[in-house]
There are 2 protein chains.
Amino acid sequence: MPIIECVPNISEGRRPDVVSGIVAAIAAVPGIIVLDSSSDSSHNRSVVTLAGDAAALQAGVMALVEATIAAVDLRGHRGEHPRLGAVDVIPFIPIEGVSMADCVKLARDVGAAIATQFSLPVFLYEEAATTSARRNLEDIRRGEFEGLAAKLALPEWTPDFGPAAPHATAGAVVVGARAPLIAYNINLATDRLDVAKKIAAAVRHSSGGFRYVKAMGIPLADRGIVQVSMNLTNAEKTPMFRVFELVKREAARYGVAVLESEIVGLVPSAALVASAEWYLQLEGFAPDQVLEQRLRAKRG
Amino acid sequence: MPIIECVPNISEGRRPDVVSGIVAAIAAVPGIIVLDSSSDSSHNRSVVTLAGDAAALQAGVMALVEATIAAVDLRGHRGEHPRLGAVDVIPFIPIEGVSMADCVKLARDVGAAIATQFSLPVFLYEEAATTSARRNLEDIRRGEFEGLAAKLALPEWTPDFGPAAPHATAGAVVVGARAPLIAYNINLATDRLDVAKKIAAAVRHSSGGFRYVKAMGIPLADRGIVQVSMNLTNAEKTPMFRVFELVKREAARYGVAVLESEIVGLVPSAALVASAEWYLQLEGFAPDQVLEQRLRAKRG
């Protein structure tokens, strides 16, 4: 059975009863597995992690949109995280037995269905984007809900599906397909924030580092140390072990040691297996030598 | 669903039609998944890898024994590998959602059933052993099929189940429970066999090394290099990364580099994840952060 992950972000993180009602509406859809749900009060935002096949996820996302736009009115919404819609962003991620092309098709099908059923403007992003100007979520989201009417009036921001005007209370939805994202942090045995910031600059794409790394240096004040906080946006092409080794080397240049690293949330098995392969110098290793993977393949 | 692995070794590796007939008899049992089957002609021996729950594996093993003793007559059997029976050894291995105690119980249930149904002497070994003298397979197997009648006549070698005399054509069966075994080899960038042998001696339990490592140094003549060939008999307690790092350090002492390592056959996901955790210095990592594991747990 093919496995697709879907990680919708909704603009509600302060009313647990509302969030649990929305999650319950998704979980009631046959074939949907809710892997995780977490809310951030200062962001006023929740992230739900779902898995299933294409048909189940499409039905699950429709249930999510219906429940969310019934409960969330962006006109009174405040929070630290930028947002364009009540249902802000819906990425589909290939995990096993599906291609990125399958997820792009699913994103476009779901985007069209959302626009039709709920009269919402829909933008397609990342791998599902229809133009390069719409690949980056940040570019689509710039101006936020409050600037959406003006943005949609510009010819270059005609939505991919649905009306060229915001939904009065729910704004717009961004739907797309992308590689799995790993939230990966490396803690340094120092309180020198400048060192964390310099290392973040060395490793991240925007300032000349690895293509699929976003990074910033932040203090962990309660522990008296600093952290290189990262998102690895394609761990197949920019793998964890390479990022870890570069951060360790850069830290050594300042006489600083790596204390530990941490993964926040979920990580695909393949990212860890790739790290084991590299460090153990495993040659000729095939993924189906992993017992659990062989088992899944044989079960079909 | 709990997953138990079972890796029966049978004394037939030269007649592919006989082996495939035996494998087909196992595969016909509902709930059994045949993960792998490989035959070695010089050993005249085949290894079948099965997975399932306890009930399915018990039925599958009974089918295996019936088909094997019907086809294999040890009186004419020659091969390099020591063996006591037509069905030589049947280990049960806990993989997921089962304990070692569950596998010990299964081994004893299956051992009793084999003795009753096929009038075969059965020894229990490793975790399922009834005395410490029977923990090691090598001790039970010493004397082989040809010495079995004399061995069974000794009071200390009364079988755990079944008659105290060999089955005329099928000898005896050894049934047990053990941790997953990883066949792990490290290739050195040298043709110096003495170096491989010295490293093997340093790393293996029998000569003072790690408790759960068996190792020998062998030449890979066709490649002009040498190999430290190992079995890791409990990779939870003696993990791959620690073995790799020790071999690398010992090799450096002789001015030799590690060329690569290799895993032969299957490896439990946990062994690779543990290596990634160690090298990446991951703190606070929980197995259910692995997406596929979370998915299996949520599916129930």
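The values are calculated or read from the model by the stated rules, or taken from the named source; none is laboratory data. Model, not experiment: these values are computed from the prediction. Here the Cβ is made from the backbone with ideal geometry for all residues, glycine too, and neighbour counts use every protein chain on show. Just so you know, the surface numbers come from the protein's heavy atoms only, side chains and all, with ligands and any DNA or RNA stripped out. Shrake-Rupley method; radii C 1.70, N 1.55, O 1.52, S 1.80 Å.
Averaged per residue, what accessible area in Å² does chain B show with a 1.4 Å probe, protein chains only? Numbers along the way, then the final one.
Working: 12410 Å² over 300 residues.
In whole numbers, chain B has 41 Å² accessible per residue.
Find every distance from the label point of B:E236 to the corresponding label point in the other copies (7 Å from Cα along Cα→Cβ) and write them in nm, one decimal, shortest first.
Output for B:E236: 3.3 nm, nearest copy listed first.
Straight-line reach from B:K105: which lysines fall under 23 Å, measuring Cα to Cα and dropping same-chain residues less than 8 apart?
B:K237
Using a 1.4 Å probe on the protein heavy atoms only, what accessible surface does B:D40 show? Give it in Å² to the nearest 10.
Rounded to the nearest 10, the figure is 60 Å².
How many nanometers, to one decimal and shortest first, lie between the label point of A:G31 and those of its other copies, if labels sit 7 Å from Cα toward Cβ?
2.8
So what is the relative contact order for segment A:1-124, in percent, with contacts set as C-alpha pairs under 8 Å and at least six apart?
Numbers: 221 pairs, mean separation 40.7, N = 124.
That works out to 33 percent.
With a 1.4 Å probe and all protein chains kept in place, how do B:S229, A:S99 rank by accessible area, largest first? Before the final figure, lay out the partial values.
Values: B:S229 25, A:S99 50 Å².
Most to least solvent-accessible, the answer reads A:S99, B:S229.
Please list the radius of gyration and Dmax for the protein assembly as shown, considering alpha-carbon atoms only, with Å as the unit.
Rg, Dmax (Cα atoms, Å): 29.1, 95.
Give the Rg/Rh ratio for segment B:104-201, taking Rg as the radius of gyration of the Cα atoms and Rh as the Kirkwood radius, to two decimals. Let's see the in-between values first.
Values: Rg = 17.5 Å, Rh = 15.3 Å.
Rg divided by Rh gives 1.15.
Taking all protein chains in place and a 1.4 Å probe, what share, in percent, of the accessible surface of chain A do carbon and sulfur account for?
Working: 6560 of 12420 Å².
Carbon and sulfur: 53 percent of the exposed surface of chain A.
Which residues of segment A:282-300 bury at least 10 Å² of accessible area once all protein chains are present, versus their chain alone (1.4 Å probe)?
A:L282, A:E283, A:F285, A:Q289, A:V290, A:L291, A:E292, A:R294, A:L295, A:R296, A:K298, A:R299
Ordering B:E283, A:E126 from largest to smallest accessible area (1.4 angstrom probe), what's the sequence?
Working: B:E283 105, A:E126 55 Å².
The residues order as B:E283, A:E126, largest area first.
Could you give the size of the charge dipole of the protein assembly as shown about its Cα centre, using +1 on the Cβ of each K and R and -1 on the Cβ of each D and E, expressed in debye and rounded to the nearest 20?
For the protein assembly as shown, the charge dipole is close to 1020 debye.
Step by step: find N for segment B:1-146, compute 2.2 N^0.38 Å, then divide the Cα radius of gyration by it. What's the final number? Present the calculation step by step, with values, prior to reporting the outcome.
On the way: Rg = 14.4 Å, N = 146, 2.2 N^0.38 = 14.6 Å.
Taking the Cα Rg and dividing by 2.2 N^0.38 Å, one obtains 0.99.
Using +1 at the Cβ of each Lys and Arg and -1 at the Cβ of each Asp and Glu in chain A, identify which of A:P121, A:F145, A:A221 lies farthest towards the dipole's positive end.
My answer, from the dipole projection, is A:A221.
Considering all projection directions equally, how large on average is the shadow of the alpha-carbon convex hull of segment B:19-103, in square nanometres? Don't skip to the answer; put the middle values down first.
Details: hull surface 23.5 nm².
Its Cα hull, projected and averaged over all orientations, spans 5.9 nm².
Give me the percent relative contact order of chain B, please, defined on Cα pairs under 8 angstrom at least 6 residues apart.
Numbers: 609 pairs, mean separation 43.4, N = 300.
That works out to 14 percent.
If I take all pairs of Cα atoms in chain A, what percentage of them are more than 23 Å from each other?
Tail of the P(r) past 23 Å holds 60 percent of the pairs.
So how exposed is B:S206, as accessible area in Å² (1.4 Å probe, rounded to 10)?
About 100 Å², rounded to the nearest 10.
In Å², nearest 100, what accessible area do chains B and A bury in total when the solvent probe is 1.4 Å? Show your work: numbers first, answer last.
Values: alone 14490 and 14490 Å², together 24830 Å².
Between B and A, the summed buried area is about 4200 Å².
Need the per-residue list for segment B:21-37: every residue with at least 30 Å² less accessible surface in the complex of protein chains than in the chain by itself, probe 1.4 Å, sorted by number.
Residues meeting the cut-off: B:I33, B:L35.
Which lysines, on any chain, are close to B:K198 with Cα under 17 Å apart, when same-chain ones fewer than 8 places away are left out?
B:K214, B:K248
In chain B, which whole DSSP H runs stretch at least 24 Å along their own axis (Cα) and average 1.0 or higher on the Kyte-Doolittle scale? Intermediate values should be presented prior to the final figure.
Details: long enough: B:54-71 (26 Å, 1.59); B:100-118 (26 Å, 0.68).
Span-like helices in chain B: B:54-71.
Note the distances from B:A168 to each other copy's matching label point, with points 7 Å along the Cα-to-beta-carbon direction, in nm, sorted shortest first.
In nanometres, ordered from closest: 9.4.
Using only the heavy atoms of the protein chains and a 1.4 Å probe, how would A:E127, A:E245 rank by accessible area, largest first?
Working: A:E127 75, A:E245 55 Å².
Per-residue accessible area, sorted high to low, gives A:E127, A:E245.
Taking Cα pairs under 8 Å and at least six residues apart, what relative contact order does segment B:213-298 come out at, in percent? Don't skip to the end; give the middle numbers.
Details: 51 pairs, mean separation 16.3, N = 86.
For segment B:213-298, the relative contact order is 19 percent.
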